[in-house]
């Protein structure tokens, strides 16, 4: 029996999973918390926007977790030589400055204590001014770049971070031969190929976040980068013309790393991809399926065959061929805050509330409420709106408050709002790629909160399935490993066959309640009106009926 | 030295105050909690709208509190025979069904256990359907009636309550010879003149809430009342042609009640008025002064000379000649919830929050914030909007929420919103009666919350004074007593002289901080836009800049 290992590098920890490639069974998992920083993140007292990671943690994490799953696997009689491949996913865009030898500057003596030489974590927002600068310049010079990313470059992304480094830490910038994405770095490390000219870079990180697109010849134009800052030319020159999908091997496991991990040398390591993209694979993505990975924020993925050219979809932040699986566009969308909004309410607004202080109790109490009966409606923009408005300068709103509005009612309204936000995204996808046949919710909230899932089914008016696996990202990496290995080695020749055998089955299916759908359709109509009124420019509309309609819906629900 | 006693009947208790008419000194006060019901209010498990009071509590309360202040006065060498008059204020509209002898039906054997025969407390909302019916019919038959009450009849008022009683409790309705306002009943009781044809009714309760206006010959047209319900004709016939101001005596203290209270028989008892109107008197109302009595809700009063005819002011709910003092229109406005909103937040939304669970702590922490720095803006309509929108079917709203929004920030935004609501009212007054020279805030919040008062000064852009007396309503009643007694008896011949000597001096004066005013002017501009967008019909306006402007103001404030 062949097995693969998936490595899933998150924000605070890395997980390994050992999977039977024939049955998809998850034989063992192991987690390793990054030792550096606070919860794995190196922060700054002076600047709340700073978030870095130490690349040494990535090495230590791979060794600890792979050894642990092999040890657990041994008890189930899985031998190390049965492991035929490794797949890797990570957070991103998380670029790492490396020297000409491919060593992260953080691991060199000179820079070991300089956070600017560490990995620049996706949620590092120090480069917000540079992001705006890139947006402005690209809008002028290369509107086609902007069309592929929904119209706004983010401080979470590759070029903004590098440009910021050039400005605030020129010594680091000058010492860096190239910047390698975390997700490209780990496979290269395992294969002994971190030297910039040897690293196989993945389309998932390159496409949209680093402005890579075949239609304009790969990474962006040198003239454009030089117009931002002449020093960027050097970085551009370190980048390859060709990038790869997660179906390709980044290389073969080096002897050195085989020894460190306790595996056989020479097995393929798949090209890396972002966690959510491989999470979609682990959740069984297919054309017509919308996969939502729901955590502190939510990422949405849909795939669409590249054989059929697709229009740019306004507000969908990335449409990248091969970013999820080959021969399909990966179409990425997301909600900037979902679980974070629920956490804000529980941790910040109702601290110590005796009966209502945790998600489980609040959710159970919220389940007793009927749709509409609170009279409340929320705009879920507490952290801006990623899709479809692509605007961080939006904020949350609650309307319909009375002297009787309770924390439970507000909590339910917050869930409903995120479900309405999800519906806006779904409807935008459907405008361009037809009706979704299936909605699969993965991630922590999907696993833990059936009340929220039923609200999603009712508010979206669709059947919603949750995944049995609680590690769909790591599972997706294990699937990528199996594809990189190929069928001759006991893996698969393509993602479709691998997904069919290995992706997570559904755990539960939530069917919409037609009566609830009816009420939510009315509330969603009001949500959309507020969404457009507050989220778009020059949209004049009379809203004097909104509060009254909410009360009418409330009164009907209470009857 | 002459003294007067003011009796102030509130929702849960009655207070008496013994005042030196020459110096205004408050010699003694005493409070009596009504024994019936919950906190003095008879309620119903079946109907949350029901709120009644037992008239026996009114008698017991007068006896207990007057005796108590006389006892305390004796220690200061004040003799009962030095008390030259009594003034009375009560809640309202709180009509009481009485029989032909003037006995409240609640005090008769047949009806002693029937809450429909009790006093129908102002906040009884069982008659909301009848209020709408009256609004609809009056709008058609007598638009002039509606012009005087701001366009909407309330379930808190006289005719709605009586009409509802006729429908749900015809036995009570049929047994009632008339319905006497609480504020007219108590003086009549003390004078032994509760028989319906002997009761002197006050303009304060009759004007606007019972549709009394000289211009249409007093109480409303019989044909109009008959069109509502033919049975109302009987009630109309029990009402007098003439009504009185609080400067007039309702009669003289009867021998029976002189004995019960321990006072001299034959002293004048002033015609009754509503608590807030006499609160304005106790706060030193004068032309150009806006008096705000701030408690769970806020009532606003301005007076304007009747010599100068005044236009109907849209949204101002009552413009009644003599309702506060003779020869002046009393112009009444209000906010449906103020302290109630703060209480909702503290009691319902942040229960048990360890550091943030009370008004004092929240206010002190809120004082540390700069105007605008939270980025939050609230519409303070958690209990609808009394002035200037006159619409109960409006609700509260919070905009500008982020994952960092804290309870303290929300608390401050709630205070700011009520201050903006107050500014809307002030500006509406000023449109019609010129600039207010002085703003005096009385009531519990004014006395207890200097942080809120400073925010009011800054958000309204005006100097705000608070009253030294914490019993401005009772003090106003004592002043009314002094006027009813007249100068020959040691009182005063008019309210202006009485107010000059007896009304409460200012306790503190809050001066607006010009820098804060500047920020609040910008926030108020946004408040007004949301106010008009959500509070008025057919008001189409683009609001896509609102969230962004709040963030810009926030970012500037944080610098």
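The values are calculated or read from the model by the stated rules, or taken from the named source; none is laboratory data. Being a predicted model, the structure only gives us computed values, none of them experimental. Here the Cβ is made from the backbone with ideal geometry for all residues, glycine too, and neighbour counts use every protein chain on show.
Here residue A:368 clears all of (1) more than 25 Å from residue A:427 (Cβ to Cβ); (2) within 14 Å of another protein chain (Cβ to nearest Cβ) except the condition numbered (2).
Evaluate segment A:376-387: report whether one residue or more is surrounded by fewer than 22 Cβ atoms within 10 Å (Cβ to Cβ), touching a helix residue (DSSP H, G or I) at 6+ places or on another chain (Cβ under 9 Å) and touching a residue at least 12 places away in the same chain (Cβ under 8 Å). Checked against the condition, which is being surrounded by fewer than 22 Cβ atoms within 10 Å (Cβ to Cβ), touching a helix residue (DSSP H, G or I) at 6+ places or on another chain (Cβ under 9 Å) and touching a residue at least 12 places away in the same chain (Cβ under 8 Å), segment A:376-387 yields no hits at all. Note on segment B:532-544: among residues that are closer than 19 Å to residue B:417 by Cα and in contact with a strand residue (DSSP E or B) (Cβ under 8 Å, 6 or more places away or on another chain), the one that is farthest from the other protein chains (Cβ to nearest Cβ) is B:532. Of all the criteria given as (1) more than 14 Å from chain B (Cβ to nearest Cβ); (2) in a helix (DSSP H, G or I); (3) crowded, with 24+ Cβ neighbours inside 10 Å, the one not satisfied by residue A:547 is (1). Taking the criterion of being crowded, with 19+ Cβ neighbours inside 10 Å and in contact (Cβ under 8 Å) with a residue 60 or more places away in the chain, the residues of segment B:296-311 that qualify are B:297, B:298, B:300, B:302, B:304.
Only a single criterion out of (1) in contact (Cβ under 8 Å) with a residue 12 or more places away in the chain; (2) under 24 Å from residue A:553 (Cβ atoms); (3) surrounded by fewer than 21 Cβ atoms within 10 Å (Cβ to Cβ) is not satisfied by residue A:518, namely (1). Might you let me know whether segment B:326-336 holds any residue that is within 14 Å of chain A (Cβ to nearest Cβ) and in contact with a helix residue (DSSP H, G or I) (Cβ under 9 Å, 6 or more places away or on another chain)? Scanning segment B:326-336 turns up at least one residue that is within 14 Å of chain A (Cβ to nearest Cβ) and in contact with a helix residue (DSSP H, G or I) (Cβ under 9 Å, 6 or more places away or on another chain).
Checked against (1) surrounded by fewer than 21 Cβ atoms within 10 Å (Cβ to Cβ); (2) over 18 Å from residue A:448 (Cα atoms), residue A:399 passes all but a single condition, namely (1). Residue A:343 satisfies every condition listed in (1) touching a strand residue (DSSP E or B) at 6+ places or on another chain (Cβ under 9 Å); (2) within 10 Å of chain B (Cβ to nearest Cβ); (3) more than 30 Å from residue A:480 (Cβ to Cβ); (4) not in a loop (DSSP other than H, G, I, E, B) except (1). Taking helices (runs of 4 or more DSSP H) as the structural unit, those lying wholly within segment B:117-188 and holding at least 2 residues that are out of contact with any helix residue (DSSP H, G or I) (no Cβ under 9 Å at 6 or more places or on another chain) and without any contact (Cβ under 8 Å) to a residue 24 or more places away in the chain correspond to B:128-141. The single condition among (1) outside any loop (DSSP other than H, G, I, E, B); (2) modelled with pLDDT under 95; (3) within 14 Å of another protein chain (Cβ to nearest Cβ) that residue B:557 does not satisfy is (3).
At least 3 residues being over 30 Å from residue B:344 (Cβ atoms) and either modelled with pLDDT of 95 or more or in contact with a strand residue (DSSP E or B) (Cβ under 9 Å, 6 or more places away or on another chain) (or both) is the threshold, and among the strands (runs of 3 or more DSSP E) wholly inside segment B:204-297 those reaching it are B:249-252, B:268-270. Taken together, the criteria place residue A:529 among residues that are over 22 Å from the mean Cα position of the chain (by Cα), part of a helix (DSSP H, G or I) and within 14 Å of another protein chain (Cβ to nearest Cβ).
You will find that of B:451, B:483, the residue that is touching a helix residue (DSSP H, G or I) at 6+ places or on another chain (Cβ under 7 Å), part of a helix (DSSP H, G or I) and more than 27 Å from residue B:30 (Cβ to Cβ) is B:451 and no other. Of all the numbered requirements in (1) more than 14 Å from chain B (Cβ to nearest Cβ); (2) surrounded by 24 or more Cβ atoms within 10 Å (Cβ to Cβ); (3) part of a helix (DSSP H, G or I), residue A:441 misses one, and that requirement is (3). Might you let me know whether segment A:350-357 holds any residue that is surrounded by fewer than 24 Cβ atoms within 10 Å (Cβ to Cβ), away from chain B (no Cβ under 14 Å) and modelled with pLDDT under 95? No, there is no match, as no residue in segment A:350-357 is surrounded by fewer than 24 Cβ atoms within 10 Å (Cβ to Cβ), away from chain B (no Cβ under 14 Å) and modelled with pLDDT under 95. Inspect all residues belonging to segment B:423-434 and state whether any of them is more than 30 Å from residue B:85 (Cα to Cα), away from every other protein chain (no Cβ under 14 Å) and not in a helix (DSSP H, G or I). There is at least one residue in segment B:423-434 that is more than 30 Å from residue B:85 (Cα to Cα), away from every other protein chain (no Cβ under 14 Å) and not in a helix (DSSP H, G or I). Just so you know, in segment A:387-408 the residues that are in a loop (DSSP other than H, G, I, E, B), within 24 Å of residue A:423 (Cα to Cα) and in contact with a strand residue (DSSP E or B) (Cβ under 7 Å, 6 or more places away or on another chain) include one that is farthest from the other protein chains (Cβ to nearest Cβ), and it is A:387. No other residue among A:492, A:456, A:520, A:524 is away from chain B (no Cβ under 14 Å), in a loop (DSSP other than H, G, I, E, B) and touching a helix residue (DSSP H, G or I) at 6+ places or on another chain (Cβ under 7 Å) apart from A:492. Of all residues in segment B:74-113, those satisfying the criterion of being in contact with a helix residue (DSSP H, G or I) (Cβ under 9 Å, 6 or more places away or on another chain) and part of a helix (DSSP H, G or I) are B:74, B:80, B:82, B:105, B:106, B:107.
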